[in-house]
Amino acid sequence: MQRLDPTTTAVVLVDIQDRLASAMPEDQLSQVIRSARILAEGARLLGATLLLTEQYPRGLGPTLPAVSEALEGSDVARFEKVCFSAWDADGFAEALERSSARSVVVVGMEAHVCVYQTVRDLAGRGLEVHVPMDGVSSRRADHRATGMALCERAGAVSTTTETVVFDWLARAGGDAFKQLSKLIR
């Protein structure tokens, strides 16, 4: 495994939406929001591609305001979907291919459905996929654990948000390090 290079990494934020969030355990939801915000800022500062999906937004609501705010000022490709895998959303595969990403970091909801199916499809196409365990949630703990296990079985690397960001940074110092360290504290 090689160090993650932000310029060849895409961050996929999967369905971090209002009505899904209300069904998540509070501790997991706060971790997912934290993870999404840190990864969005890291992507903005260091040049990673950002892709965001929303599962049937008319029914499940928009992306949570805390995540949307973190995306302000970033170039984010947004995709509405009714399919579970982001890969199958109209335009998603083409946007990811245009990014020239070799690695993908996937966070969001729910771990055992949309996150897992997205990870399986990305890994199946030869991309190196990383899933921060603090960046995924499901309504039930056993569903979250199953989702993480399925992601790993599909070929994903189980990691944490901080591991991804510090791998991108590679060293302490500089403005990006200072800004991201403030978010991580």
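The values are calculated or read from the model by the stated rules, or taken from the named source; none is laboratory data. Everything quoted here is computed from the prediction, not taken from an experiment. All Cβ positions, glycine included, derive from the backbone under ideal geometry; neighbour counts span all protein chains shown.
Among the numbered criteria (1) touching a strand residue (DSSP E or B) at 6+ places or on another chain (Cβ under 6 Å); (2) buried (at least 20 other Cβ atoms within 10 Å of the Cβ), which one does Glu41 miss?
Condition (1) is where Glu41 drops out.
So is Ala66 under 21 Å from Ile38 (Cβ atoms), in contact (Cβ under 8 Å) with a residue 60 or more places away in the chain and either assigned to a loop (DSSP other than H, G, I, E, B) or aliphatic (A, V, I, L, M) (or both) or not?
no
Only one of (1) of a type in the set (Gly, Ala, Ser); (2) in a helix (DSSP H, G or I); (3) farther than 24 Å from Gly126 by Cα is not met by Ser74, so which one is it?
(2)
Where the second residue is among the polar types (S, T, N, Q) and at pLDDT 95 or above and the first is farther than 14 Å from Trp87 by Cα and assigned to a loop (DSSP other than H, G, I, E, B) and lies in segment 104-132, which pairs have Cβ atoms under 8 Å and are six or more apart or on separate chains?
If the second residue must be among the polar types (S, T, N, Q) and at pLDDT 95 or above, the pairs left are Glu110/Ser137; Glu110/Ser138.
Considering only residues that are surrounded by 15 or more Cβ atoms within 10 Å (Cβ to Cβ) and among the polar types (S, T, N, Q), which ones fall in segment 140-159?
Thr146, Thr159
Looking at Arg171, Arg139, Arg144, which is the one that is assigned to a loop (DSSP other than H, G, I, E, B), touching a residue at least 40 places away in the same chain (Cβ under 8 Å) and out of contact with any Lys or Arg (no Cβ under 8 Å at 6 or more places or on another chain)?
Arg139
Which residue is surrounded by the most Cβ atoms within 10 Å (Cβ to Cβ), if the candidates are limited to segment 71-84 and must be small (Gly, Ala, Ser) and in contact with a Leu (Cβ under 9 Å, 6 or more places away or on another chain)?
Ala77
For Tyr56, all conditions in the list (1) touching a Lys or Arg at 6+ places or on another chain (Cβ under 8 Å); (2) within 21 Å of Gln117 (Cβ to Cβ); (3) crowded, with 20+ Cβ neighbours inside 10 Å hold save one; what is the number of the exception?
Result: Tyr56 passes all but (3).
Within segment 5-38, can you find the residues that are farther than 25 Å from Asp175 by Cα and surrounded by 17 or more Cβ atoms within 10 Å (Cβ to Cβ)?
Val14, Asp15, Ile16, Gln17, Leu20, Ala21, Met24, Gln28, Leu29
Write out, first by first residue and then by second, each pair whose Cβ atoms fall under 7 Å of each other, whose residues are 6+ apart or on separate chains, and whose first residue, in segment 33-62, is under 13 Å from Asp15 (Cβ atoms) and without any contact (Cβ under 8 Å) to a residue 40 or more places away in the chain while the second is among the acidic types (Asp, Glu) and crowded, with 23+ Cβ neighbours inside 10 Å.
So the pair list comes out as Glu54/Asp15.
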